[in-house]
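K.L.:
First, the structure itself, so that you have it in front of you.
Read-outs throughout are calculated quantities, based only on the coordinates presented, and are distinct from any laboratory measurement. Values in this document were obtained by computation on a predicted structure and should not be read as measured data. Because the Cβ atoms are built from the backbone with ideal geometry, glycine has one as well, and the counts that use them run over all protein chains shown.
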């Protein structure tokens, strides 16, 4: 007897059984959600200076808290440089990393992966031409371009480092995040507005961004 595909589908649906791909493995989205506390995403983005010099910026993002770590800036991101940046991160990161998400760029040499393997972390390489697989890193690149880099001229590495460090501090300590219920990564509670206290404005990133806080 031949059983139609629709009949099989109806039987499985009534029994509450998902199609076979869903039973065999979690989706990438569900994996990120369930393992977020142990995932760090990383990537490079490029900045061209006024003098037509290209600088490469390496950063890491903690997926669960959205906290960003500025790992370094270089005109020549070699495998040795990227590996040393990974070592520096592991010495300062105060959490256990289980997975590191990166793309297949040549800057991520074998030494880079070994640094995290020594910490019992698994490096996950994203597919070619699939930026959505590293969505948290890609989202941060878009954010910093819209809020900072597209609004200023960069002259040299020193200026860029100062601006990026200022912005990362703002991003981690003050900027609200919708996924964190409008709290910044390093402040788990949202400040409660008190109408009896004055509002103070503080300019950061060379005056490109204003932070507002209530006076003590």
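K.L.:
Measure nothing fancy, just the Cα-based angle from helix 157-173's long axis to the longest principal axis of the chain, in degrees from 0 to 90, nearest 10.
P.N.:
Helix 157-173 sits roughly 60 degrees off the main axis of the chain.
K.L.:
At what distance in nm do the modelled label points of residue 181 and residue 87 sit from each other, each positioned 7 Å from its Cα along Cα→Cβ?
P.N.:
Distance between label points: 4.2 nm.
K.L.:
For the chain, find the longest principal axis of its Cα atoms and tell me its angle to the long axis of helix 135-147, 0 to 90°, nearest 10.
P.N.:
30 degrees
K.L.:
Averaging sequence separations of C-alpha pairs under 8 Å and six or more residues apart, then dividing by the length of the chain, give the relative contact order as a whole percent. Each step should come with its number before you reach the end.
P.N.:
Values: 282 pairs, mean separation 33.6, N = 216.
Taking the mean separation of contacting Cα pairs over the length of the chain, I get 16 percent.
K.L.:
By DSSP, what percent of the beta bridges with both residues in the chain are antiparallel, rounded to the nearest 5?
P.N.:
On the way: 22 of 29 bridges.
The antiparallel fraction comes to roughly 75 percent.
K.L.:
Report for the stretch 32-142 the percent antiparallel among DSSP-assigned beta bridges with both residues inside it, nearest 5. Let's see the in-between values first.
P.N.:
Values: 15 of 22 bridges.
So the antiparallel bridges in the stretch 32-142 amount to around 70 percent.
K.L.:
With springs only between Cα atoms under 10 Å apart, run a GNM on the chain and tell me which of 31, 116, 108 wobbles the most.
P.N.:
Its mean-square fluctuation being the largest, the pick is 31.
K.L.:
Tell me which label goes with the value of Cα extents along the principal axes in Å computed from the coordinates here: [x] 53, 37, 37; [y] 51, 33, 29; [z] 76, 53, 32.
P.N.:
[z]
K.L.:
Specify the residue with the greatest mean-square fluctuation among 176, 195, 127, computed from a Gaussian network of the chain linking alpha-carbon atoms under 10 Å apart.
P.N.:
Per the Cα network of the chain with a 10 Å cutoff, 195 tops the list.
K.L.:
How far apart, in nanometres, would the label points at residue 50 and residue 132 be if each is projected 7 angstrom from Cα along the Cα-to-Cβ direction?
P.N.:
Taking the two extended label points, one gets 4.1 nm.
K.L.:
Let me ask something else. Can you grab the distance from the C-alpha centre of the stretch 153-205 to the C-alpha centre of the stretch 101-125, Å, no decimals?
P.N.:
Centre-to-centre distance over Cα atoms comes out at 30 Å.
K.L.:
Let me ask something additional. Given a 10 angstrom Cα cut-off, can you work out which residue in 198, 137, 105 is the most mobile in a GNM of the chain?
P.N.:
It is 198.
K.L.:
Only bridges with both residues in the stretch 99-216 count here: give the DSSP antiparallel percent, nearest 5.
P.N.:
65 percent
K.L.:
Angle check, please: helix 5-14 long axis (alpha carbons) against the longest principal axis of the chain (alpha carbons), in degrees 0 to 90, nearest 10.
P.N.:
Helix 5-14 sits roughly 70 degrees off the main axis of the chain.
K.L.:
Give me the extension gain from residue 204 to residue 33: residue separation times 0.36 nm, minus the current Cα-Cα distance, reported in nm with one decimal. The partial results should precede the final answer.
P.N.:
Working: separation 171, 0.36 × 171 = 61.56 nm, distance 3.27 nm.
In short, 58.3 nm is gained.
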